[in-house]
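Written below as structure tokens is the structure these notes are about.
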């Protein structure tokens with residue numbers, strides 16, 4: 001995944017940073033606020049990241065991206081975000097000087113700082129199953145997976 005991420009950033013000269021995204025697995029709940037969601041524009045750049053289910057389908061009886069739905073690779077489909085980034089060196093030096101932004105503080109998602117300041121984030125889609133570790137429960141699940149592999 002790291003190689004895929006680095007190559008994806010190298011292939012997108014307009015983006016100062018890149019991150020990974022993948023479809024939700026059948027056993028993952030996209031309504032879980034501990035799994036970050038993102039939506040991507042038609043050019044392969046991030047539009048928004050959220051802990052909430054996005055986009056909201058106003059006229060649907062139930063969310064289109066339910067855990068059992070077939071989520072396609074269409075660039076506007078809901079994707080999950082593992083939190084792995086690649087940065088161009090000059091942008092990383094600038095990024096750390098940018099002030100925090102309202103959306104970043106509301107969602108507690110640092111990548112929103114780049115978007116709110118007008119920078120593009122290239123999205124590299126992958127099908128490798130990954131698990132973020134943002135909560136004690138996710139850490140415990142990681143530990144249990146490691147024990148099972150030993």
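The values are calculated or read from the model by the stated rules, or taken from the named source; none is laboratory data. Keep in mind it's a predicted model, so treat the numbers as computed, not measured. Positions of Cβ are backbone-derived with ideal geometry, glycine not excepted, and every protein chain shown enters the neighbour counts.
Only one entry of 114, 60, 106 meets the criterion of being surrounded by fewer than 14 Cβ atoms within 10 Å (Cβ to Cβ) and modelled with pLDDT of 95 or more, and that entry is 106.
For the structure I just gave you, tell me whether residue 148 is crowded, with 16+ Cβ neighbours inside 10 Å, more than 13 Å from the chain's Cα centre (by Cα) and either in contact (Cβ under 8 Å) with a residue 40 or more places away in the chain or under 26 Å from residue 23 (Cβ atoms) (or both). It is false that residue 148 is crowded, with 16+ Cβ neighbours inside 10 Å, more than 13 Å from the chain's Cα centre (by Cα) and either in contact (Cβ under 8 Å) with a residue 40 or more places away in the chain or under 26 Å from residue 23 (Cβ atoms) (or both). Among the residues of the stretch 1-29, those identified as outside any strand (DSSP E or B) and within 12 Å of the chain's Cα centre (by Cα) are 23, 24. Residue count for the stretch 33-57, restricted to those that are surrounded by 16 or more Cβ atoms within 10 Å (Cβ to Cβ) and either free of Cβ contacts under 8 Å to residues at least 40 places away in the same chain or assigned to a strand (DSSP E or B) (or both): 14. Assess whether residue 69 counts as being in a loop (DSSP other than H, G, I, E, B), at pLDDT below 95 and touching a strand residue (DSSP E or B) at 6+ places or on another chain (Cβ under 9 Å). So residue 69 fails the test.
Among residues of the stretch 132-145 being within 18 Å of residue 24 (Cα to Cα) and assigned to a helix (DSSP H, G or I), the one that is nearest to the chain's Cα centre (by Cα) is 138. Before we move on, is residue 90 at pLDDT 95 or above and surrounded by fewer than 17 Cβ atoms within 10 Å (Cβ to Cβ)? Criteria met by residue 90.
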